[in-house]
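What follows is a single structure, written as structure tokens, with notes after it.
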Amino acid sequence: MKKSLALLSLVALVGCSEVQEIGEQEVDAREGESSVPLAADEAVEGGDLVMALSQEPDALDPTTARTRAGRMVFESMCEKLYDIDAEGEIIPMLATELPDYSEDETVLRIPLREDAVFSDGTPMDAEAVRTSLERHLEHPTSARSSDMGPIEEIRVVDDHEIEIELAEPFAPLVATLSDRAGMIMSPQALDELGDDFAQAPSCVGPFALVERVPQTRIDVVADPHYYGADEVHLDSITYVIMPDHNIRAANLRSRDVHLTDTVSPQEFDALVDDATGEVNGLVLDSLGFQGLTLNIGNVDGTGQPPGEIDTVVAQEPAVREALSLAIDRDSLVDVVFNNWYVSACTPMSPISTFADERATDCPEHDPDRAMELLEDAGVDIPVEIDLTVRNDQDSLRYAQALQASVEDAGFEFTIRPMEWTALLDAQDRGDFDAILVGWGGMIDPHNNLHNYFSTGAGNNYSGLSDPEIDEYLDEAARTVDHDERVELYGQAVERAGELNNIIVTYRLSNLGAAHESIAGVWFSPDGILRVSGAAFVDTEAAEEEIDIDELDLGDD
């Protein structure tokens, strides 16, 4: 595909790094290693691992948390009933076995570990598990309730077994319990803190929270109560908030941080291919999606009944279709992201085991047809849209290139940069026309599609309410047959492409990096960088003390 010279020129001007033009052929995303393995005899015991986060986590409360950065921190603090391994298989964690289902798939029993202790020293038992699961279901601001399906009752069978009764079969439940909905919190801490649980969270995990300094750092230390404490190598982990990708890379090179959750695709090659060879790159394809969320009904906040929004984007489906056609996805992703990401049009990742050919069904870039649709709709041209975007280099780079890309098709974007936590608040409130955001992805498509496209779902920021897509997604959740779920999700993907409440434009690759002094880190298939089993492999690095207060964290 031939790229627009105007687009290439604009990207070169607005970007902080040189743009590489890769020619006219279509090229797939590049590949790399997703882990730095730790050999049994190379771990140095002790040391403080410093990890740079590209975003500040929201509240460290598993019931209400929504961000990928929060999931990165929870990985070291809050274990779940189930986990996923490197191959994407669900495995027991705080549970001891996969559930035992009744014949009609509506009752499942989950046996629990008998040696799990919360960081506050209280034991985890079945009553604690019930307390957490009911909080996830019933808390008024829960981001988990729509994930968990038609649970009618959670019963304590004995001290170390629970039983969950469903109104109807719900295929995604175990996968859902391998993320935040499966995180179990100390009932004592919940009683003492209530809605302020995030101020001093207590879970079962290798590490426990010591201190959080907003917009600066989060400190956790190895928890002596943890059932696997003998297998934890590090003394502590310090998560530092570094939104600027250049600063993250510079600190990684100087070993002032040991690893980072995100490397800019514009920085990745230079960082990993540096002649010193001191940085290991980490690469993993994504199960999620990125693009434009359009506000078509979010008037009272996410999850609330939709209302009427008086914009042509919200009122006219043809305008949303035109916008999708106006976007030159291939050119944008190639020139802005250095070919580390791939263009995309649907919320279903092609690497998902539930994907079929509809996952990669993309409309051709057709600005002439886009202009025809706008003229037929009788709207004022250009269509003016405020585009809210995170205030970081890569997001702004993409937004500005996108702005130039759609001009000839009759659209005029006004870019409104916003600090990350403020952007999340605006997204929740519905205070946007269009917002450039995405989703990291989970292994079951229910969590990737239902949450964003079902009426009233916890991540339905656009305010969509469409009975047809609701029925596809609800039926897919009720169905336990894999092939039937594939078909239903394919129909949902087609319908999403007609609705265009979210215009998917690309799929990122998870790009991280670790200094060579660290091993035992890996990207899990859901894009979370696992560090709780990490260790230093260099004695000098393990003994080195980094003054966090002296680090250049950058401006958010």
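The values are calculated or read from the model by the stated rules, or taken from the named source; none is laboratory data. Quick caveat, the model's predicted, so the values are computed rather than measured. Ideal geometry is used to build each Cβ from the backbone, glycine not excepted, and the neighbour counts take in all protein chains shown.
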Against the condition assigned to a helix (DSSP H, G or I) and touching a strand residue (DSSP E or B) at 6+ places or on another chain (Cβ under 9 Å), how does L271 come out, does it pass?
yes
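Among residues belonging to the stretch 120-165 that are aliphatic (A, V, I, L, M) and either part of a loop (DSSP other than H, G, I, E, B) or under 18 Å from H450 (Cα atoms) (or both), point out the one that is modelled with the lowest pLDDT. Steps first, answer last, please.
So in the stretch 120-165, the residues aliphatic (A, V, I, L, M) come out as 124, 126, 128-129, 133, 137, 143, 148, 151, 154, 156-157, 162, 164.
Right, trim to either part of a loop (DSSP other than H, G, I, E, B) or under 18 Å from H450 (Cα atoms) (or both) and you get 124, 137, 143, 148, 151.
Working: M124: 99, L137: 97, A143: 90, M148: 93, I151: 98.
Result: A143.
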Filter pass, A208 being free of Cβ contacts under 8 Å to residues at least 40 places away in the same chain and hydrophobic (A, V, I, L, M, F, W, C):
no
Taking the options R397, R478, R390, R485, name whichever one is touching a Ser or Thr at 6+ places or on another chain (Cβ under 8 Å) and not assigned by TED's automatic domain parsing to the domain that holds E105.
R485
Which of the helices (runs of 4 or more DSSP H) contained wholly in the stretch 290-361 include at least 1 residues that are among the aliphatic types (A, V, I, L, M) and closer than 20 Å to N460 by Cβ?
312-315, 317-326
Cβ pairs under 7 Å, 6+ apart, first in the stretch 296-324 and over 19 Å from Q427 (Cα atoms), second modelled with pLDDT under 95:
S324/P363
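Yes or no, residue by residue, for (1) more than 18 Å from S286 (Cα to Cα); (2) at pLDDT 95 or above:
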site: G297; (1), (2): yes, yes
site: E308; (1), (2): yes, yes
site: I327; (1), (2): yes, yes
site: D334; (1), (2): no, no
site: A344; (1), (2): no, yes
site: P347; (1), (2): no, yes
site: E357; (1), (2): no, yes
If we scan the stretch 237-258, do we find a residue that is at positive phi, under 20 Å from the mean Cα position of the chain (by Cα), surrounded by fewer than 20 Cβ atoms within 10 Å (Cβ to Cβ) and in contact (Cβ under 8 Å) with a residue 12 or more places away in the chain?
no
Would you please name the residue that is surrounded by the most Cβ atoms within 10 Å (Cβ to Cβ), looking only at residues in the stretch 117-160 that are in contact with a His (Cβ under 7 Å, 6 or more places away or on another chain) and among the charged types (D, E, K, R)?
R144
In the stretch 413-443, anything in contact with a helix residue (DSSP H, G or I) (Cβ under 8 Å, 6 or more places away or on another chain), farther than 18 Å from G301 by Cα and at pLDDT 95 or above is listed as F413, I415, P417, M418
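Can you find even one residue in the stretch 498-506 that is touching a Leu at 6+ places or on another chain (Cβ under 8 Å) and under 23 Å from A65 (Cα atoms)? It would help to see each step written out before you state the result.
Narrowing the stretch 498-506 to residues touching a Leu at 6+ places or on another chain (Cβ under 8 Å): 499-503, 505-506.
Subset that is under 23 Å from A65 (Cα atoms): 502.
Yes, the stretch 498-506 contains a residue that is touching a Leu at 6+ places or on another chain (Cβ under 8 Å) and under 23 Å from A65 (Cα atoms).
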Checked against (1) within 24 Å of E484 (Cα to Cα); (2) in contact (Cβ under 8 Å) with a residue 60 or more places away in the chain; (3) out of contact with any helix residue (DSSP H, G or I) (no Cβ under 8 Å at 6 or more places or on another chain); (4) not hydroxyl-bearing (S, T, Y), E165 satisfies every condition except (2)
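For the stretch 263-294, which positions are of a type in the set (D, E, K, R), touching a helix residue (DSSP H, G or I) at 6+ places or on another chain (Cβ under 9 Å) and within 11 Å of L511 (Cα to Cα)? Quick ask: steps written out before the conclusion?
Filtering the stretch 263-294 for residues of a type in the set (D, E, K, R) gives 267, 269, 273-274, 278, 285.
If we keep only those that are touching a helix residue (DSSP H, G or I) at 6+ places or on another chain (Cβ under 9 Å) as well, we get 267, 274, 278.
E267, the sole residue that qualifies.
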Selection from the stretch 198-235 of residues crowded, with 17+ Cβ neighbours inside 10 Å and within 16 Å of V521 (Cα to Cα) yields P206, F207, V232, H233, L234
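Out of the stretch 407-422, which residues are surrounded by 23 or more Cβ atoms within 10 Å (Cβ to Cβ) and of a type in the set (V, I, T)?
First pass over the stretch 407-422, keeping only residues surrounded by 23 or more Cβ atoms within 10 Å (Cβ to Cβ): 409, 411, 413.
None - no residue of the stretch 407-422 is surrounded by 23 or more Cβ atoms within 10 Å (Cβ to Cβ) and of a type in the set (V, I, T), so the list stays empty.
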Only one of D470, D444, D425 is farther than 30 Å from M242 by Cα, without any contact (Cβ under 8 Å) to a residue 40 or more places away in the chain and either crowded, with 16+ Cβ neighbours inside 10 Å or not assigned by TED's automatic domain parsing to the domain that holds M242 (or both); which?
D470
Whether any residue in the stretch 525-533 is modelled with pLDDT under 95 and of a type outside the set (G, A, S) is what I want to check.
yes
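Does D483 satisfy being surrounded by fewer than 24 Cβ atoms within 10 Å (Cβ to Cβ) and not in a helix (DSSP H, G or I)? Before you say what the answer is, go through the steps one by one.
Values: surrounded by fewer than 24 Cβ atoms within 10 Å (Cβ to Cβ): yes; not in a helix (DSSP H, G or I): no.
In short, no.
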Here the qualifying pairs (Cβ atoms under 7 Å; residues six or more apart or on different chains; first in the stretch 325-351 and within 18 Å of E494 (Cβ to Cβ); second of a type in the set (D, E)) come out as L325/D366; C345/D361; T346/D361
